[in-house]
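**Student:** This structure is in structure tokens; I'll ask about it shortly.
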Amino acid sequence: MKKFVSTFVVLLVIWLFLTSFNLSELIVGFLVSIVLAGVIAGLVDYEFDLSIVYKLPLFVVVYVPVFVYKMFLSNIDVARRVLTPKIPLNPGFVKIPIDLKGDVGKLTLANSVTLTPGTLAIDADDENLYIHWIDIKGENEKDYKKHVTGTFEKILGRIYK
């Protein structure tokens with residue numbers, strides 16, 4: 001049943017991206033997606049965790065605005081450093097312990113760090129994220145986590161349990 005629902009959702013989303021959003025197109029897309037999902041659901045090798053239904057709105061409403069805000073602040077900081085060369089830099093690599101267990105949560109965290117100017121996720125293992133940071137702040141891993149991944153990880157921990 002999960003494969004059928006997953007296949008149906010994928011097909012319907014593709015249909016909606018390729019067509020207009022009027023009622024007749026939606027009805028046809030819904031029917032075509034049901035028929036095709038019934039035919040090919042046994043052939044596919046994926047299925048979604050159906051909790052995505054409530055995780056996606058939480059991600060969009062809570063995480064994305066926080067990420068955009070942090071990215072804005074980081075852009076200002078890096079631009080200030082470029083335009084004012086007298087600002088001291090303290091670049092280096094840091095190891096930050098992460099509490100996220102799932103691969104998708106870890107990937108989202110690493111991508112968020114990389115997309116935030118001034119930090120770059122270099123590597124990850126089961127328990128840590130290794131980051132190059134343009135201006136290391138703090139003295140230990142707890143401080144690094146607070147400055148780089150803390151806010152992201154708190155929200156992602158609720159989304160990707």
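The values are calculated or read from the model by the stated rules, or taken from the named source; none is laboratory data. These figures come from a predicted structure and were not determined experimentally. Note that we place each Cβ from the backbone using ideal geometry, even for glycine, and neighbour counts take in every protein chain shown.
**Student:** Can you tell me which residue among VAL78, VAL82, VAL32, VAL39 is farther than 22 Å from THR149 by Cβ, without any contact (Cβ under 8 Å) to a residue 60 or more places away in the chain and surrounded by 13 or more Cβ atoms within 10 Å (Cβ to Cβ)?
**Tutor:** VAL32 is the lone residue from the list that is farther than 22 Å from THR149 by Cβ, without any contact (Cβ under 8 Å) to a residue 60 or more places away in the chain and surrounded by 13 or more Cβ atoms within 10 Å (Cβ to Cβ).
**Student:** Of all residues in the stretch 110-137, which are part of a loop (DSSP other than H, G, I, E, B) and within 12 Å of GLY92 (Cα to Cα)?
**Tutor:** GLY118, ILE134, ILE136, LYS137
**Student:** Now a separate question. Which condition breaks for LYS95 when tested against (1) in a helix (DSSP H, G or I); (2) under 24 Å from the mean Cα position of the chain (by Cα)?
**Tutor:** (1)
**Student:** Among all residue pairs at least 6 apart or on different chains, which show Cβ distances below 9 Å where the first residue, located in the stretch 55-73, is modelled with pLDDT of 90 or more and the second is polar (S, T, N, Q) and not in a helix (DSSP H, G or I)?
**Tutor:** These pairs meet every condition: PHE67/THR116; LYS70/THR116; MET71/THR116; LEU73/THR116.
**Student:** Scan the stretch 117-131 and give yes if some residue there is touching an Asp or Glu at 6+ places or on another chain (Cβ under 6 Å) and modelled with pLDDT of 90 or more, otherwise no.
**Tutor:** Within the stretch 117-131, one or more residues are touching an Asp or Glu at 6+ places or on another chain (Cβ under 6 Å) and modelled with pLDDT of 90 or more.
**Student:** Would it be correct to say that LEU43 is outside any helix (DSSP H, G or I), within 19 Å of LYS2 (Cα to Cα) and more than 19 Å from the chain's Cα centre (by Cα)?
**Tutor:** Spelling it out, LEU43 is indeed outside any helix (DSSP H, G or I), within 19 Å of LYS2 (Cα to Cα) and more than 19 Å from the chain's Cα centre (by Cα).
**Student:** Also: Going by the conditions given, is SER6 more than 30 Å from HIS132 (Cβ to Cβ) and surrounded by 15 or more Cβ atoms within 10 Å (Cβ to Cβ)? Break it down stepwise before answering.
**Tutor:** Details: more than 30 Å from HIS132 (Cβ to Cβ): yes; surrounded by 15 or more Cβ atoms within 10 Å (Cβ to Cβ): yes.
In short, yes.
**Student:** Here are PRO65, PRO85: which of them is within 30 Å of ILE136 (Cβ to Cβ) and either part of a loop (DSSP other than H, G, I, E, B) or of a type in the set (D, E, K, R) (or both)?
**Tutor:** One residue alone meets the criteria, PRO85.
**Student:** Against the definition (out of contact with any Lys or Arg (no Cβ under 9 Å at 6 or more places or on another chain), surrounded by 19 or more Cβ atoms within 10 Å (Cβ to Cβ) and of a type outside the set (Lys, Arg)), how does LEU120 come out, yes or no?
**Tutor:** no
**Student:** Condition first: surrounded by fewer than 20 Cβ atoms within 10 Å (Cβ to Cβ), of a type outside the set (Ser, Thr, Tyr) and over 18 Å from PHE93 (Cβ atoms). Now tell me which residues in the stretch 138-154 satisfy that.
**Tutor:** Of everything in the stretch 138-154, those that are surrounded by fewer than 20 Cβ atoms within 10 Å (Cβ to Cβ), of a type outside the set (Ser, Thr, Tyr) and over 18 Å from PHE93 (Cβ atoms) turn out to be GLY150, LYS154.
**Student:** All but one of (1) within 25 Å of VAL82 (Cα to Cα); (2) free of Cβ contacts under 8 Å to residues at least 24 places away in the same chain hold for ASP125, so report the exception by its number.
**Tutor:** Result: ASP125 fails condition (1) only.
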